[in-house]
Amino acid sequence: MNRNVKRTVLICCGPGCLSNQGMDVYEEFKTKILISGLDVDLRSAVETENACVTDTLHPGIKTDLETMVSPAVKATGCQGLCEMGPLVRIEPDSIFYTKVKVSDVTEIIEKTLMENRVVERLLYKDPVQGRKVRAREEAEFYKSQLKVALRNVGEIDPESLDDYIERDGYRALKIVLSQKTSEDVLSEIEKSGLRGRGGAGFPTGRKWRQCARTGNYPKYVICNGDEGDPGAFMDRSIMEGDPHSVIEGMIIGAYAVGSHEGFMYIRDEYFLAIQNMTKALEQARREGFLGKNILGSGFDFDIQIVRGGGAFVCGESTALMASIEGKVGEPRAKYIRSVEKGLWGKPTVLNNVETWANVPVIINKGADWFCSIGTERSKGTKVFSLVGKVRNTGLIEVPMGVTLRRIIFDIGGGIAGGRKFKAVQTGGPSGGCIPESLLDLKVDFDTLDEAGSMMGSGGMIVMDDRTCMVDVARYYLNFLSEESCGKCVPCREGIRRMLEILNDICEGRGRQGDIELLAELGETVREASLCGLGKTAPNPVLTTIKYFKDEYLAHIEDKTCPAGVCKNLTTYYIDKTLCKSCGLCKKNCPSEAIEEKLEGYFINLLKCIKCGSCMNACRFGAVKILAGIMRKL
């Protein structure tokens, strides 16, 4: 029997892999396969190999030695495991290669595509299982995930409308326009329990209905793609890897509320997102999914892209609308909600990228299916960018209600370098820091809020025991101080004063009463600020005071930074009772401050630059921080 199996080589060209020459790997595959004219008779290849070769074959292929191979090469969006990029998958053989270099491409073509052998050295070694895995589905990083908003990201060529349609793309739109009224759509979204993924978690269906029943026209629909959180790349990855899902969601939303004009606000730094979105909009117009009389339904709707200038405050809904109007991006008081008076004073629905990407799948699979995922008050899944001191950094999507422990230690593979977990910060710069005692906390909108943090747009930064929590609070306050629009006094002056106090504490000038003053200022900023960004800005300070007060006291009273981060408060020494004289500290010291004498190693304080390399390198815990040194001096 002859059967043609279309092999596909999927090369990740998401942000992480692109920074590691992922596009070069993709171009090399295209060039090499084109030159080779690859169209391999699998039987002839197999017959030239020994028996162990056939053991590596995919079961479906081993039974059919006459299979012909004609590989397609696709550049996909982010496949998730950014730490190990560039990533290459070969389907349907379910082979998953990591850290692929341009120089590896020829070997992959010759061994895997032509001879059906696996290149063992490129397989992923799972840190949890401690072994190499062949298919990504076997890896703990992927096992615990559930892809809904990311269902197509990493699976399709984002520039191909055909790829999107092959995976049920625009099916929901066809159902809506041919079979459902706007009321049907509103009811379905309300029933699904979908809450906005941009931060506040407001019920999407309720927002849409409030806009739909407002008898003021025109109405607008906006997609917030202004992802300004440090370390966050969730929305970017969806726009780059699956742009049509966002467009389809917006069209359905526009139909539900009675809008005929939409805007997609994307920050200017996201060049690839803008490029892919622009191309997808052109394709959608050409195929009749956008524009006049969509799919012959009589419904008109189109979308424009607006490029944001990169101001963090423009992630706030009213500031974003002001920016689209051509004004300075500043928030306004929400005495009247945007669903009644939003863009140009007209009713407006604004949701973020991830929220819109969820809409088509809810229509396709039904609200009951979506409701079956998650917790009682937080339905569905959530996309996170998992970064920081964790082994597996990358883009993940998990059901609401999964614990932080599962995310960090199963999906994330635990703490990098074998160090101890200290805290995880969720919700971006305005989120809170959650300690080890709350690792079993279920991740959803309400439990994170109760813990003093927030879901935010989905940033998740893991910290180890070498992280100073006072310095972390200072870092975020510094960011927020620079990004504050300055319109309201509590945010502008309150954050600045809190930052001054934190600077004093980290530099050894902390005083009794500073902690209480920080807490009081934080509560005032939270209560009196104009917009959500100001109201949540004190979270990093308030949660670090709540959960890590001992570190503040050590900085203020003992003049010591327990993590060894604040240089004015750090003096290293080597505990000779623990030192094994292995010399790793000396080898890793960049300033040659560690000297070896007959009695062992010691640190020359005159040369020490307090970088902490010796402490990071020591496997026996012999490098320690001298407590109370400033007080003694």
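The values are calculated or read from the model by the stated rules, or taken from the named source; none is laboratory data. All values derive from a computational prediction rather than experimental measurement. With ideal geometry, Cβ positions are generated from the backbone for all residues, glycine too; neighbour counts draw on all protein chains shown. Just the protein is used for accessible areas: all its heavy atoms, side chains included, with ligands, DNA and RNA removed. Shrake-Rupley method; radii C 1.70, N 1.55, O 1.52, S 1.80 Å.
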Hey, can you tell me all the residues within the stretch 452-480 that are among the polar types (S, T, N, Q), within 30 Å of Thr355 (Cα to Cα) and buried (at least 19 other Cβ atoms within 10 Å of the Cβ)? Ser453, Ser457
State all residues of the stretch 5-38 that are open to solvent by 30 Å² or more (accessible area, probe 1.4 Å) and touching a Pro at 6+ places or on another chain (Cβ under 7 Å); if no residue qualifies, say none. Asn20, Gln21
Report yes if some residue within the stretch 217-233 is open to solvent by 60 Å² or more (accessible area, probe 1.4 Å) and over 23 Å from Ile373 (Cβ atoms); otherwise report no. yes
Got at least one residue in the stretch 178-185 being small (Gly, Ala, Ser), at pLDDT 95 or above, open to solvent by 50 Å² or more (accessible area, probe 1.4 Å) and out of contact with any helix residue (DSSP H, G or I) (no Cβ under 7 Å at 6 or more places or on another chain)? yes
In the stretch 603-628, what count of residues is obtained for those that are open to solvent by less than 70 Å² (accessible area, probe 1.4 Å), touching a residue at least 12 places away in the same chain (Cβ under 8 Å) and under 20 Å from Thr560 (Cα atoms)? 16
Scanning the stretch 263-303 for residues that are among the charged types (D, E, K, R) and touching an Asp or Glu at 6+ places or on another chain (Cβ under 8 Å), which turns out most open to solvent (accessible area, probe 1.4 Å)? Lys292
Residues located in the stretch 191-213, provided they are surrounded by fewer than 19 Cβ atoms within 10 Å (Cβ to Cβ) and touching a residue at least 24 places away in the same chain (Cβ under 8 Å): Lys191, Ala200, Gln210
I'd like the full set of residues that are over 10 Å from the mean Cα position of the chain (by Cα) and among the small types (Gly, Ala, Ser), limited to the stretch 224-248. Gly225, Gly228, Gly241, Ser245
Take the stretch 588-602 and flag every residue that is surrounded by 11 or more Cβ atoms within 10 Å (Cβ to Cβ) and more than 24 Å from Thr467 (Cβ to Cβ). Glu595, Glu596, Gly600, Tyr601, Phe602
Given the conditions (1) modelled with pLDDT under 90; (2) not in a loop (DSSP other than H, G, I, E, B), every one holds for Met1 apart from (2)
Residues in the stretch 578-587 that are open to solvent by less than 30 Å² (accessible area, probe 1.4 Å) and either at pLDDT below 90 or not small (Gly, Ala, Ser) (or both) total 1
Counting residues that are within 16 Å of Leu518 (Cβ to Cβ) and not charged (D, E, K, R), which helices (runs of 4 or more DSSP H) fully inside the stretch 529-583 reach at least 3? 539-547, 549-556
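Residue-wise test of (1) free of Cβ contacts under 8 Å to residues at least 60 places away in the same chain; (2) open to solvent by 30 Å² or more (accessible area, probe 1.4 Å); (3) closer than 30 Å to Arg497 by Cβ; (4) in contact with a Ser or Thr (Cβ under 6 Å, 6 or more places away or on another chain).
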| residue | (1), (2), (3), (4) |
| --- | --- |
| Leu542 | no, no, yes, no |
| Tyr552 | no, no, yes, no |
| Ile556 | yes, no, yes, no |
| Lys559 | no, yes, yes, no |
In the stretch 165-222, residues that are closer than 15 Å to Pro360 by Cβ and assigned to a loop (DSSP other than H, G, I, E, B) total 7
Looking across the stretch 71-114 at residues that are part of a loop (DSSP other than H, G, I, E, B) and open to solvent by 50 Å² or more (accessible area, probe 1.4 Å), the single one that is nearest to Ala149 (Cα to Cα) is Pro92
Which residues, taken from the stretch 497-514, are in a helix (DSSP H, G or I) and either of a type in the set (Phe, Trp, Tyr) or buried (at least 18 other Cβ atoms within 10 Å of the Cβ) (or both)? Met498, Leu499, Ile501, Leu502, Ile505, Cys506
Considering only residues that are open to solvent by less than 10 Å² (accessible area, probe 1.4 Å) and farther than 28 Å from Ile461 by Cβ, which ones fall in the stretch 363-384? Ala367, Phe370
I need the full set of residues from the stretch 198-255 which are closer than 20 Å to Met454 by Cβ and of a type in the set (Val, Ile, Thr), in order please. Thr204
